[in-house]
Each structure stands twice: as structure tokens, then as C-alpha cells.
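Step one of this worksheet: look at the structure below.
The values are calculated or read from the model by the stated rules, or taken from the named source; none is laboratory data. Everything quoted here is computed from the prediction, not taken from an experiment. Here the Cβ positions follow ideal geometry from the backbone for every residue, glycine too, while neighbour counts run over all protein chains shown. In case anyone asks, the SASA skips ligands and DNA or RNA and just uses the protein heavy atoms, side chains included. Shrake-Rupley method; radii C 1.70, N 1.55, O 1.52, S 1.80 Å.
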Amino acid sequence: MIGLLGETLSSGGWSAAAGILLILGLSGSTVCALLLTVVDLREHRLPNRIVYPWTATTAGLLLIVSLVMGDVGVWGRALLAGVVWSLGFLVVKLIHPPSIGMGDVKLAAVLGLWAGFVGWSTLGAAVVVSFLLGGVVSLVLLVTRRANRSTRIPFGPFLLGGTALALVMW
């Protein structure tokens, strides 16, 4: 995402406008991510009143950015990425309900939009890094006996953190 922002801002004209829109969108997304992290850590839930508007706003913003960039295909990829990640989580939820919450399924849609907008490799990295972060923290909690096999650990913060790292790194 950083590379994409640099390219759009340095190009000037409409590309600079796209970069500014992306910066505004990422700023709003940061606020949503921080709110969701706090709520998920405290209450083990990801409220629809944050996730739904964030998803709709992101989809609209990325459509505008892709139109300004003259590449609507980028928006199509973002939409498909959000659907694929969310449906993948939904399948996991249906197969083994306790493994993942519906909030995580819905959150995957907006995170997939952002990661997919950048590219498929960024989406893949977001998924992998999210699971790695969650796994490492869970393992540390188990080893230090701060959690056991039945302890519920909220996954939202790892999804948000993993996606943020992927957007910065890939």
C-alpha cells in the first residue's frame, strides 16, 4: 500500500487525488481498526455498527479511487478478494462453529477489500500473517499458562494487525 500511495501521489493530477483519497480512507480505517480491537479484546465481539459502515464506505471509496486511477479492474479484484476471504471464513464457521466468530467472517470482507485492492499477494500475506500472529500469541499464552485449550482468544485484533502488516510490507 505504501508503494501504491507513493506512485499515485508522485504522479500528480488525478493520481495525486487518488492517493489523497487512499490516505483519508486508511485514516478512517485505522480508527475503525482501533475501535474494533478494543471492543474485541474486552467483549469478544466485533459490532456490526462499526463493521458494516466501514465495509460499505471502503467499497465506495475504493470504487472512486479506481475510477480516478482509470482502472476499475482493481476495484473488481478488491471486491472479489473481500468475498473470497469472507466466504472462506464462513465455510470454516459452518464446518466448525466454535473455531471462528461471525464478526471475524464479516471483518474479513473489509480487510479483503483493502488487501485485494493492492493485489492478490497482499491478500495472501494478510491471511497468513494474521494466522501467524494469532498462533504465536496463543502459543505464548499457553506456554506461560495465561490460557488453556478452552480459553477463548479474540481473533479480530490478529486479523487487523496481520492485514495492516501486509499492507505495509507487501
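To the nearest 10, the accessible area of VAL72 is 70 Å² with a 1.4 Å probe. Quotient of the Cα radius of gyration of the stretch 87-170 and 2.2 N^0.38 Å, N being its number of residues: 1.12. Estimated from the Cβ-Cβ distance and a Förster radius of 45 angstrom, the FRET efficiency linking ALA16 and THR151 is about 0.40.
Across the chain, Cα pairs under 8 Å and at least six residues apart give a relative contact order of 24 percent. Sequence-ordered 3J(HN,Hα) estimates for the stretch 119-134 from the Karplus curve with 6.51, -1.76 and 1.60 and θ = phi - 60° stand at x, 5, 5, 5, 4, x, 5, 4, 5, 5, 5, 4, 5, 5, 4, x Hz, glycine and proline given as x. The relative contact order of the stretch 108-170 comes to 51 percent, based on Cα pairs under 8 Å that sit 6 or more residues apart. Length, then width, then depth: along the principal axes, the Cα atoms of the chain run 55, 29, 26 Å. Note on the stretch 111-158: the alpha carbon radius of gyration divided by the globular reference 2.2 N^0.38 Å gives 1.40.
Quick one: Debye curve from the C-alpha atoms of the stretch 35-89, no solvent, what's log10 I(q)/I(0) at q = 0.20, 0.24 Å⁻¹? Listed by q, the Debye log ratios stand at -0.81, -0.94. Fully extending the segment from LEU67 to HIS96 would add 6.5 nm, taking 0.36 nm per residue of separation and subtracting the current Cα-Cα distance.
Taking all protein chains into account, the per residue accessible area for the stretch 1-144 stands at 50 Å² (1.4 Å probe).
Dipole size of the chain about its Cα centre, with +1 on Lys/Arg Cβ and -1 on Asp/Glu Cβ: approximately 700 debye, rounded to the nearest 20. The separation of the stretch 96-170 from the stretch 34-60, counted between C-alpha centres, amounts to 14 Å. Across the chain, the longest run free of exposed loop sites, meaning trypsin sites (Lys or Arg not before Pro) lying outside DSSP classes H, G, I, E and B with no more than 13 other Cβ atoms within 10 Å, spans 1-144.
For MET102, the solvent-accessible surface computed with a 1.4 Å probe is close to 80 Å², ligands and nucleic acids excluded.
Can you pull the percent of the stretch 18-155's accessible area that's carbon plus sulfur, 1.4 Å probe, other chains left in place? Looking at the stretch 18-155 in its full context, I get 71 percent from C and S.
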